[in-house]
1. For Cα pairs less than 8 Å apart in space and 6+ apart in sequence, what is the mean separation divided by the residue count of the range C:346-440, i.e. the relative contact order in percent?
2. Within a 10 angstrom radius of each residue's Cβ in A:69-75, how many Cβ atoms of other chains show up on average? Whole number is fine.
3. Apply the Debye scattering formula to the range C:1-203, with a single equal point scatterer on each alpha-carbon and no solvent, then give log10 I(q)/I(0) at q = 0.13, 0.15 Å⁻¹.
4. Rounded, prolate or oblate: which fits the range B:3-103, taking a ≥ b ≥ c as square roots of the Cα gyration tensor eigenvalues, rounded meaning a/c under 1.5, else prolate when a/b beats b/c?
5. Semi-axes, largest first, in whole Å: what does sqrt of 5 times each Cα gyration tensor eigenvalue give for the range C:125-281?
6. Classify the range A:3-86 as rounded, prolate or oblate from the Cα gyration tensor: take a ≥ b ≥ c as the square roots of its eigenvalues, call it rounded if a/c is under 1.5, otherwise prolate when a/b beats b/c and oblate if not.
7. Using Cα centres only, tell me the gap between the range C:562-627 and the range C:396-451 in whole Å.
8. Under the Karplus relation 6.51 cos²θ - 1.76 cosθ + 1.60, θ = phi - 60°, what is the ordered set of whole-Hz ³J(HN,Hα) values for the range C:433-441, x standing for Gly and Pro?
Amino acid sequence: MSIIQIIFLLLSVMAVGSALMMITSKNPVNSVLWLIVVFFAISGHYILLNAQFLAIVNIIVYAGAIMVLFLFVVMLMNLNAETEPIKNRRLQLIGVTSGGALMLIIISAVSKIDVEQLVQINAGDSGLIKVLGMNLFKNYVLPFEISSVLFLSAMIGAVVIGKKEEIDIKK
Amino acid sequence: MDIKAYIILSLVLFTIGIVGVLVRRNAIIIFMCVELMLNAVNLLLVAFSKMHAMSTAAKASANFASDAQIFVFFIMVVAAAEVSVGLAIIVMMYRNVHTVDVNFLNRLKN
Amino acid sequence: MNNIFKLVWLIPILPLLGFLINGLGRKTLSKTVSGFVGSAVVFASFVLSVLVFIQVKAGNASTIHFFDFIHLKSLNIAFDFKIDQLSSLFLLIITGVGFLIHVYSTSYMHDEDGKDFAKYFAYLNLFVFSMLLLVMGGNYLIMFIGWEGVGLCSYLLIGYWFKNVDYTNAAKKAFIMNRIGDLGFLLALFWLISKVGTIEYNQVFTAASLAKLSTFDITGITLLMFVGATGKSAQIPLFTWLPDAMAGPTPVSALIHAATMVTAGIYMIARSNALFTLAPITLNVITIVGLATALLAASIAIKQNDIKKVLAYSTVSQLGFMFVALGTGNYVAAVFHVITHAFFKALMFLGSGSVIHAMGGEQDIRKMGGLHKHMKITSITFLIGCLAIAGIPGFSGFFSKDEILAGAFSHSPVIFSLVLFAALLTAFYMFRLYIITFTGTFRGTHDQEHHLHESPKAMTLPLIILAILSVVGGFIGVPEVLGGNHWLASYLSPVVKSASHHLEHSTEYMLMGITTVLVLISITFAWVKFKNYKVSGESTGLGKILENKWYVDELYQMAIVNPLKSISAFFNNIIEMKLIDGAVNGVGKLVTYSSRQLRWLQSGQVGAYVLLMVIGMLILFFIQLFL
């Protein structure tokens, strides 16, 4: 077992375990924190793949900005384990079963592929900021600009939705 | 590394996301599960990009393998926008009905 | 070819115009205007018909082509008019008698509302139009259009007072009976088209076309045509509608149900004489049916007490005479009788209308009597009509009836004696009617007696004209034996070829003598029997059967209507209600039930939806990958 594989396995176990903890913990605050762990694990994978830019962006945007936003909302609403409504046991069972079945079926389908394709690990410059930047600002400059408009509209939308309604809803 | 390892890892994460959506009723947790699914897909995309970097075509063009990572970048952009609006909606919902239980909002029924 | 033929299209178009004017303007036109328009258009047609007749008489028969009506690959039916001796004669009767009846109607219908009055004239004009189309058509299809048109108008006019349910039922009865006959006619046309490939008179009656038809074809076609004729001309078994048709206004009875429409069957057979001559079986059937109808209707007429019913059965009986004439191959005699009958039967119907008018709507002759002193013109003209129909020498009926009798005698003495018997019955019941109605003492209420009056000029004038025609109308066909040259027969000879019957002059004299004497005896008998008529109680035995019209209506009711009703009830209650409704409702119930079950899936809970989506994906993957 090479060091790479060991790191891969460690990161994978960390990601999957944290994800399972996320969906099983009663307290939403814990869920948020476990999800941050998942994101860190995934960023680790990115580094392993030598996709440095995405690893950093993932940490900054996801683990940093977005998850803080989640945490902020959870705390704002003062949610805790008691507020979690009890779900129908049978439905939960069905959910887990069907999800597991879906996973199994796709994995079995993937394992049918007999070609061996390797992934470039810890090498290659395709994930470097320089290459990505050139590509982004040369070939993808229009989507990039449009995404700024998307952000603007999302911001306005969030403000409009979150604004306290002046008009009484019952009216 | 074999690409299958990444595929299976992504699938497991993705399925955990699906199961989370199915079994939880807290809107915020469901939302987080959606984020998890997005990230699983992102991981797979990056893995595929690095798989293509091994191919001979990648030698000809420097941009060849980085397209998928640009794609991931845009997914993150969209996810960030989505989260801002989605959380706003959840806050709004909480303010009106004082719960984040998705089953409470079953007005679609009638 | 003469210029007048270029105007032939005006003859039917004018009444159609009148129909449109009166029909569309019925709410705005005053009675005077609509009555004038209605009569004037028919009069204009009459004038044109006279001009046409003069041309035809000079030998200018012609077929006028207007346009191709139906143009198919192998079938070409033109819209054209055939103006020849036969149709020009009928044109005269239709427009002439029709005009008189229009004039009469302006007075008779004067109590109607302005709207109904115009409606009445619109229908009457439409009828004249259809009837003209029927006789002028150059092929069977145009005839059929007119044939249906007159049936429709008959229906509309019988049901003119449609607020009375009985009248509406009578109208429906007439229409349905006619439809049965029409079906036969239509089938005959299809048969003809399939065998000969054309229905133009000019082509069908050629030797080449007739040669294409086997004996079976000809017999079938002519029998089917005869079925059509029985419907329209009220023969057994489709005759019961005609007496009921008296529900319509009296002038309508005179025009449609005595003078013109009911003779359409005669016209059709006379027109197709080339076919019928080749079908001896059909001719025998026609003779038997005509004879049976003549006897049956005459026997019923003896015991009827409704003045119009008597005349109606008399019409049926006279039509039977005409069919006997057709059946014995004596087409000219049939046409001759159509003409004379149109005169005297229209006269008597209008006379009865005059009586009913005076009696304030009363039609029961038991409540009349002694009307002669109150309404002399009506009485005298009616008497002329009776004399004509009875066949007193010198009157028109004598000549035409004598010709039928002579034809029957040359055919078979048995037929002759039966026809003679029917003729004697005719004389008897007509004079019974006359004596009970016009002589003796008045049996109605005092009020009615007070109101008795002679009808106005517009009504008496047509009566007088028709009376004159009833007297002299017979002179167009004075037989050779009486020193005439039978103008009608020679006039019609290009179109209608009668079977020749040559009797010894002495035999003919003898027949005439016997007939006249017997008729006179019959009249005397009626005079003696009904001179001091008293309303008697219920009749018994044969009288009761006759009073109830041989129970024919009841028989039809039992044998045809009731089984049909029960079959319909079966279809309605079992097939429709249970089967079809069951199937339809069952589908509805199934959908409702299944959707009620499926509704549980739509819980409105997002989680459940996502779960279903995942399961769906699962199934799709499974199918894609492993099946």
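The values are calculated or read from the model by the stated rules, or taken from the named source; none is laboratory data. Small disclaimer: the values here were computed from a predicted structure and weren't measured. Cβ sites come from the backbone with ideal geometry, for glycine too, and all protein chains shown count toward neighbours. Side chains included, ligands, DNA and RNA excluded: accessible areas come from the protein's heavy atoms. Shrake-Rupley method; radii C 1.70, N 1.55, O 1.52, S 1.80 Å.
1. Dividing the mean separation by the residue count of the range C:346-440 yields 37 percent.
2. On the way: counts 5, 8, 1, 1, 11, 7, 0.
Per residue, the average neighbour count from other chains is 5.
3. Taking Cα atoms of the range C:1-203 as identical point scatterers yields -0.77, -0.97.
4. oblate
5. So the equivalent ellipsoid measures 31, 15, 12 Å along its semi-axes.
6. Note, shape of the range A:3-86 comes out oblate.
7. If you average the Cα positions of each part, the centres end up 73 Å apart.
8. 4, 5, 5, 5, 7, 9, 10, x, 10
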